[in-house]
Amino acid sequence: MSLVPRSLFGRLVVVLLLGLATAQLIGFAIHMQDRRELLAEASGMRAAQRIADIAKLLDSMPAADRARHAAVLATPRMAIEVGRDSPLPAPPDAER
């Protein structure tokens with residue numbers, strides 16, 4: 001018993017199905033690689049956006065409330081600490 005079909009039509013179907021399966025596998029591999037890269041980039045952007053949002057929120061509230069709110073906003077993967085120092089000076093471009 002042979003797995004290769006004897007007729008020309010059968011051989012043509014096998015070749016076409018193998019080509020289709022190969023193209024699908026290559027497309028799937030490209031898609032998964034692109035998805036992995038986008039997820040890695042998005043998770044970094046999400047963390048940066050969260051830090052910026054927290055800084056903006058804490059900056060807009062009175063100094064007495066900052067430590068309490070920072071404790072609420074902290075997560076196991078990101079510690080938030082409020083210092084007693086004055087905020088950073090404005091960049092030179094902002095003074096113009």
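The values are calculated or read from the model by the stated rules, or taken from the named source; none is laboratory data. In this text the structure is predicted, and so the values were computed from the model without any measurement. So basically every Cβ, Gly included, is an ideal-geometry build from the backbone, and we count neighbours across all protein chains shown. Note: areas computed on protein heavy atoms with side chains; ligands, DNA, RNA excluded. Shrake-Rupley method; radii C 1.70, N 1.55, O 1.52, S 1.80 Å.
A few points about this structure:
- Ala64, sole failed condition from (1) surrounded by 10 or more Cβ atoms within 10 Å (Cβ to Cβ); (2) under 30 Å from Ile80 (Cα atoms); (3) of a type in the set (A, V, I, L, M): (1)
- In region 76-89, the residues that are under 17 Å from Asp65 (Cβ atoms) and of a type in the set (A, V, I, L, M, F, W, C) reach residues that are at pLDDT 85 or above and surrounded by 10 or more Cβ atoms within 10 Å (Cβ to Cβ) with C-beta atoms within less than 6 angstrom, at least six apart or across chains, in these pairs: Ile80/Ala70; Ile80/Leu73; Ile80/Ala74; Val82/Arg66; Val82/Ala67; Val82/Ala70.
- Test result for Leu39, open to solvent by 90 Å² or more (accessible area, probe 1.4 Å) and over 30 Å from Ala79 (Cα atoms): no
- Filter result for Pro5 (at pLDDT below 85 and either loosely packed, with under 10 Cβ neighbours inside 10 Å or assigned to a loop (DSSP other than H, G, I, E, B) (or both)): no
- Evaluation of Met45 against the conditions (1) open to solvent by less than 70 Å² (accessible area, probe 1.4 Å); (2) in a helix (DSSP H, G or I) shows that the sole unmet condition is (1).
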